[in-house]
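Participant: For reference, the structure I am asking about is given below.
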Amino acid sequence: MRSLPVPPALLRGWLAAACLLLGQAGAADAAQLVVRVEGVDEPLKAAVLAAVEAAQYGKRDVTEAQARRLLQRADAQAVRALEPYGYFSAQARGTLDPSGPVYTLVLHVSAGEPTRVASLDIRIDADARNQREVRDALSAFAPAQGQVLDQAAYERSKAALQAALGASGYLDAQLSTHRIEVTRATRSAAIELEWQAGPRYRFGPTRFEGAQFPTALLDRYIPWREGDFYTQQQLLAFQQRLIDSDYYAMVQVDPAGDEASAGSVPIHVQLAPAKRTLYTGGVFVGTDTGPGVRGGLQRRWVNSRGHKLAADVLAALWLKTAATQYTIPLAGLDNHTWSFGVKYRDEDTDTASSRTFALAATDSRLWHGWTRTLGLKFLTGDFKVANLAGNTTLLYPELVLARKRADEPLFVRDGWSLTLAARAAPEQLLSSTRFVQLGADAKWIHALGERSRFIARGSLGTTWTADFNRLPPELRFFAGGDRSIRGYPYQSI
């Protein structure tokens, strides 16, 4: 009997129907897989979940057969996940509950006793070992002898030592031996590391690209002499000085390692000038000044010698000022500058009014962690305090020491500042009266959560003078206002 051929269209229909029925049957048996880990805490629990294949199916449906295959592999995967944390005798047993609306796979994990470092042998050439950065990295190496063998900490410590060698000038340092031997029977490990430090490089010539100034002016920012030993700390200090100069929008300082020769490495500096002239302006309302407007101009460099010019004007209900300052940066590594300024001030408060004109010349530089400013000031004008009117002319030297620490320069969450000032005027030198004045201002900021800060301010001062009525309000001590004793008008005390 001869069979009749099946039409292709009918055959395709039968196959599609069969596939649909099989898919529906599989879907009916499928459910979401949930994995739980018991017996260990973080970070071991997270390590197990990251390593177990079944946990990757958390948002997908699986059949019971698939879930059981994943269960068979889960025990070994969980045990291996704990080895990088020093647990080489861990045990894991998984169970599967397919009876509920989801398949629940529970891993019962016992980490066991950890493996500890029995010996730590780190060999580095003596000269390199004596460098401060290398000594610090060695003393901080983890895991140390007696500690649990944490392989992530081990890798971080290796990288830190390599970086310390490079930062100390050993740019060719290579790790020639790195070995960890684990004895499971005694739960102990032996770490062996050896670096070939190679030669210690020195600073070679420094090349600038993209600068708007002659090389001679830029050389004053370099904190080393050519031929000094290379250190990354000096390199970073150099980069920060260029950034702080405010001349550049981009500063990149790199050792040209591919050009190093004869123990010397050239330094390549890539610069992009900042906008030369900066204009500022705005409208404001202040509780101490009233509503007002302000505007300013800053010329980041006036000439090829890097001189700077700044001017600003403020006009508010109770305060009006106009000031200009010319600054000359000087050679050296201590941010040495000369500044010459002129300022007019017209202020009215609840207790005083004054209209004064001031000239100032200052010498500023870094000094033992402080910013030290020596200045000579000339102040003249008319004023009225309470019901007493007066006028004065004073010529006096001034010393100001300022220091601050902050976690962030723009918005401080933790930090402090301290400013100490001393000034004096002998009556014989163009001054209306003699006086000596000492003052201190302190500020402390501490973060309270993500969006709040605690800010404490304090001021302390004293004045000795032959005629107190000849001192203008600028040289007297007042309190009150939003930055002083709140609840009292500005400078009402």
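Participant: Quick one: in the range 305-330, of everything that is among the hydroxyl-bearing types (Ser, Thr, Tyr) and under 16 Å from Asp346 (Cα atoms), which residue is farthest from the chain's Cα centre (by Cα)?
Facilitator: Only one residue fits best here, namely Thr321.
Participant: Condition first: crowded, with 20+ Cβ neighbours inside 10 Å and either charged (D, E, K, R) or closer than 30 Å to Ser188 by Cβ (or both). Now tell me which residues in the range 63-87 satisfy that.
Facilitator: Selection gives Ala74, Ala78, Val79, Ala81, Leu82, Tyr85, Gly86, Tyr87.
A quick yes/no check of all residues on (1) more than 16 Å from Pro473 (Cα to Cα); (2) among the basic types (Lys, Arg):
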| site | (1), (2) |
| --- | --- |
| Phe378 | no, no |
| Lys384 | no, yes |
| Asn391 | no, no |
| Glu408 | yes, no |
| Arg413 | yes, yes |
| Leu418 | yes, no |
| Glu450 | yes, no |
| Gly458 | yes, no |
| Gly461 | no, no |
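Participant: I want to confirm something. Restricting to the range 257-275 and keeping residues that are modelled with pLDDT of 90 or more and not in a strand (DSSP E or B), which single residue is nearest to Asp334 (Cα to Cα)?
Facilitator: Residue satisfying both the conditions and the ranking: Ala274.
Participant: Taking Tyr103 and the conditions (1) surrounded by 20 or more Cβ atoms within 10 Å (Cβ to Cβ); (2) assigned by TED's automatic domain parsing to the domain that holds Ala55; (3) within 23 Å of Glu42 (Cα to Cα), which numbered condition does it fall short on, given that it satisfies the others?
Facilitator: Status for Tyr103: all satisfied but (3).
Participant: Please state which of the following conditions Ala152 fails to meet, knowing it meets all the rest: (1) surrounded by 14 or more Cβ atoms within 10 Å (Cβ to Cβ); (2) within 20 Å of Phe88 (Cβ to Cβ); (3) not basic (Lys, Arg).
Facilitator: Ala152 satisfies every listed condition except (1).
Participant: Does Pro291 count as surrounded by 15 or more Cβ atoms within 10 Å (Cβ to Cβ) and at pLDDT below 95?
Facilitator: no
Participant: Then there's this: Give me the residue from the range 314-355 that is of a type in the set (A, V, I, L, M), touching a Lys or Arg at 6+ places or on another chain (Cβ under 7 Å) and more than 22 Å from Gly375 (Cα to Cα) and, out of that set, surrounded by the fewest Cβ atoms within 10 Å (Cβ to Cβ).
Facilitator: Out of the qualifying residues, it is Leu314.
Participant: Do the conditions hold for Arg68, that is, is it within 16 Å of Ala92 (Cα to Cα), in the same structural domain as Tyr103 (by TED's automatic domain parsing) and without any contact (Cβ under 8 Å) to a residue 24 or more places away in the chain?
Facilitator: For Arg68, the condition - within 16 Å of Ala92 (Cα to Cα), in the same structural domain as Tyr103 (by TED's automatic domain parsing) and without any contact (Cβ under 8 Å) to a residue 24 or more places away in the chain - is not met.
Participant: Continuing with the same structure: Just to be sure I understand, how many residues within the range 221-245 are within 21 Å of the chain's Cα centre (by Cα) and touching a residue at least 60 places away in the same chain (Cβ under 8 Å)?
Facilitator: Number satisfying all stated conditions: 6.
Participant: Is at least one residue of the range 295-313 under 30 Å from Tyr247 (Cα atoms), in a loop (DSSP other than H, G, I, E, B) and among the aliphatic types (A, V, I, L, M)?
Facilitator: yes
Participant: Moving on to the next point. What number of residues within the range 240-258 are closer than 15 Å to Pro409 by Cβ and touching a strand residue (DSSP E or B) at 6+ places or on another chain (Cβ under 7 Å)?
Facilitator: Residues in the range 240-258 being closer than 15 Å to Pro409 by Cβ and touching a strand residue (DSSP E or B) at 6+ places or on another chain (Cβ under 7 Å): 1 in total.
Participant: Within the range 385-405, track down each residue that is touching a residue at least 24 places away in the same chain (Cβ under 8 Å) and under 19 Å from the mean Cα position of the chain (by Cα).
Facilitator: Arg403
Participant: While we're on this one: Tell me, yes or no, whether the range 281-289 has at least one residue that is under 30 Å from Ala128 (Cα atoms), of a type in the set (A, V, I, L, M, F, W, C) and not in a helix (DSSP H, G or I).
Facilitator: No.
Participant: Same structure, new question: Residues in the range 167-219 that are among the small types (Gly, Ala, Ser) and either part of a strand (DSSP E or B) or out of contact with any strand residue (DSSP E or B) (no Cβ under 9 Å at 6 or more places or on another chain) (or both): how many?
Facilitator: 8
Participant: Among the residues of the range 358-365, is any over 28 Å from Lys404 (Cα atoms) and in contact with a Ser or Thr (Cβ under 6 Å, 6 or more places away or on another chain)?
Facilitator: No, the range 358-365 has no match at all.
Participant: Related question: Do you know which residues across the range 294-306 are surrounded by fewer than 15 Cβ atoms within 10 Å (Cβ to Cβ) and of a type outside the set (A, V, I, L, M)?
Facilitator: Gly295, Asn303, Ser304, Arg305
Participant: Can you tell me how many residues within the range 361-416 are surrounded by fewer than 16 Cβ atoms within 10 Å (Cβ to Cβ), among the aliphatic types (A, V, I, L, M) and either in a strand (DSSP E or B) or on the phi > 0 side of the Ramachandran plot (or both)?
Facilitator: Within the range 361-416, residues that are surrounded by fewer than 16 Cβ atoms within 10 Å (Cβ to Cβ), among the aliphatic types (A, V, I, L, M) and either in a strand (DSSP E or B) or on the phi > 0 side of the Ramachandran plot (or both) number 10.
Participant: Which residues, taken from the range 325-357, are of a type in the set (Asp, Glu) and assigned to a strand (DSSP E or B)?
Facilitator: Asp346, Glu347, Asp348
The values are calculated or read from the model by the stated rules, or taken from the named source; none is laboratory data. Note that the coordinates shown come from a computational prediction; the quantities given were computed from them, not determined experimentally. Methodologically, a virtual Cβ is constructed for each residue, glycine included, from the backbone with ideal geometry; neighbour enumeration extends over all protein chains shown.
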